[in-house]
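Peer 1: Mind looking over this structure? Questions follow.
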Amino acid sequence: MIADAQGGWKETIFMSKPVRTPAVEDFCDAILTLKTREDTYKFLEDVCTVNELQALSQRFEVAKMLTEDKTYAEIAGETGASTATVSRVNRSLVYGADGYKVVLERMGVIRHTDADNDADK
């Protein structure tokens, strides 16, 4: 419920935007064509502003640090991320689509455990 212009209340349904759109699928396919770090830098520099790229990389650093069991205060202090950002990344790690987990496992930052295998069944 939110307040309306007349001081009353109205029910609001917040719909999130769909993630899997044709444009996002094309973007993912474009990323999959990149073969080198240099190609990736060039693509990201063209697609993102400096601030967007720094924000994305900051979130990734936060995710790595959360898997190392660092505290929110330690992470905020080392990365400059707000505790709200740390909390959002943590929520993605715990309740998200496992994107961080897949990448961190493939990079060798975290290990895929038997408990994870059992949970996937």
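The values are calculated or read from the model by the stated rules, or taken from the named source; none is laboratory data. Predicted, not measured: the structure shown is a model, and the values here were computed from it. For neighbour counting, all protein chains shown are included, and Cβ atoms are generated from backbone atoms with ideal geometry for every residue, glycine included. SASA here: full protein model, heavy atoms, side chains in, ligands and nucleic acids out. Shrake-Rupley method; radii C 1.70, N 1.55, O 1.52, S 1.80 Å.
Peer 1: Looking only at segment 26-48, decide whether some residue is closer than 24 Å to Ser87 by Cα and out of contact with any Asp or Glu (no Cβ under 9 Å at 6 or more places or on another chain).
Peer 2: Yes, segment 26-48 contains a residue that is closer than 24 Å to Ser87 by Cα and out of contact with any Asp or Glu (no Cβ under 9 Å at 6 or more places or on another chain).
Peer 1: Restricting to segment 85-113, name every residue that is open to solvent by 50 Å² or more (accessible area, probe 1.4 Å) and of a type in the set (A, V, I, L, M).
Peer 2: Those that are open to solvent by 50 Å² or more (accessible area, probe 1.4 Å) and of a type in the set (A, V, I, L, M): Val94, Ala97, Val102, Val103, Met107, Val109.
Peer 1: In addition: Only one of these conditions is not met by Asp116: (1) in a loop (DSSP other than H, G, I, E, B); (2) modelled with pLDDT under 95. Which number is it?
Peer 2: Checking Asp116 against (1) in a loop (DSSP other than H, G, I, E, B); (2) modelled with pLDDT under 95, the one that fails is (1).
Peer 1: For segment 33-108, which fully contained helices (runs of 4 or more DSSP H) count at least 3 residues that are β-branched (Val, Ile, Thr), on the phi < 0 side of the Ramachandran plot and at pLDDT 95 or above?
Peer 2: It comes to 50-67, 83-95.
Peer 1: Please identify the pairs in which a residue from segment 61-74 that is within 14 Å of Arg88 (Cα to Cα) has its Cβ atom under 6 Å from the Cβ atom of a residue that is open to solvent by 70 Å² or more (accessible area, probe 1.4 Å), counting only partners at least 6 apart or on another chain.
Peer 2: Correct list of pairs: Tyr72/Thr83.
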